[in-house]
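Note sheet for the following structure.
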Amino acid sequence: MNDPASYTPPKVWKQEESNGGRFANINRPIAGPTHDKELPVGKHPLQLYSLATPNGVKVTVLLEELLAAGHSGAEYDAWLIKIGDGDQFGSGFVDVNPNSKIPALLDRSGDTPVRVFESGAILLHLAEKFNAFLPTDSGKRPEMLSWLFWQMGSAPYLGGGFGHFYSYAPHKIKYAIDRFAMEVKRQLDVLDRHLANNEYMCGDEYTIADIAIWHGTAHWYKIKSMRQRNS
Ligand SMILES: N[C@@H](CCC(=O)N[C@@H](CS)C(=O)NCC(=O)O)C(=O)O
């Protein structure tokens, strides 16, 4: 392990055997499958390949909301993808998401199965398919899209940035933790200020922007308030 203060990046970077950290066993610098494995397919129109992480849960919550609202076409089979075991690098999963990350959806409701990956794209695909959890006033659509994409763009600062360096990196790097802690606090303040005057992200309507933000971002509120209670 190098001294972070004295590290000079090489001209040509190469992967070391293991760089340590919680996810060292699944991190690699190339894409594509590592092994052949077909994905299971059930009887319902929607096949969800996922895991109960913040990104995964966003889609499951929307599917359950759709079913609760009476959209029977949202029946789905949920298949567990164990990312710690490398299931996301199986050939069948890579066919559904070339980026090897959960969640991924196979929509088999039409003549030809359609793959959808990236949690935001899946939320939008399903909301548009069922015309639900979108703003009823089309003038609010840009606001909904703005917050949805804000969440998708912000999440890497939270999980991949702050969360990674605070919890998973093999050693604590003050610069990285300071940088991402500051950015996460700023992002939560963006939410605080907006929600001070709005019940939901798009005013008084519950949309997929709320589903993405609550499950993908606002769990950081819980961490923040736990820390405040403990301090
Ligand atoms: N931008 C993607 C992020 C998905 C993502 O980061 N998924 C993580 C779990 S939350 C994953 O599959 N990690 C496995 C890996 O990186 O190999 C989305 O929103 O769907």
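The values are calculated or read from the model by the stated rules, or taken from the named source; none is laboratory data. It should be emphasised that the depicted structure is a prediction, and the values quoted were computed from it without experimental measurement. With ideal geometry, Cβ positions are generated from the backbone for all residues, glycine too; neighbour counts draw on all protein chains shown. SASA here: full protein model, heavy atoms, side chains in, ligands and nucleic acids out. Shrake-Rupley method; radii C 1.70, N 1.55, O 1.52, S 1.80 Å.
Just one of (1) open to solvent by less than 50 Å² (accessible area, probe 1.4 Å); (2) within 23 Å of ILE208 (Cα to Cα); (3) within 12 Å of the ligand (Cβ to nearest atom); (4) of a type in the set (Asp, Glu) fails for ASP87. It is (2).
Of the helices (runs of 4 or more DSSP H) lying entirely inside segment 129-231, the ones with 2 or more residues being modelled with pLDDT of 90 or more and touching a helix residue (DSSP H, G or I) at 6+ places or on another chain (Cβ under 6 Å) are found at 141-155, 174-197, 208-216. Within segment 1-42, being part of a loop (DSSP other than H, G, I, E, B), in contact with a strand residue (DSSP E or B) (Cβ under 7 Å, 6 or more places away or on another chain) and not β-branched (Val, Ile, Thr) holds for PRO33, LYS37, LEU39, PRO40, GLY42.
Taken over segment 39-68, residues that are within 10 Å of the ligand (Cβ to nearest atom), farther than 20 Å from GLY90 by Cβ and open to solvent by 10 Å² or more (accessible area, probe 1.4 Å) amount to 2. Tallying residues that are farther than 19 Å from HIS44 by Cα and near the ligand (Cβ under 10 Å from one of its atoms) within segment 90-107 yields 5. May I ask you to verify whether SER109 is open to solvent by less than 50 Å² (accessible area, probe 1.4 Å) and part of a loop (DSSP other than H, G, I, E, B)? It is false that SER109 is open to solvent by less than 50 Å² (accessible area, probe 1.4 Å) and part of a loop (DSSP other than H, G, I, E, B).
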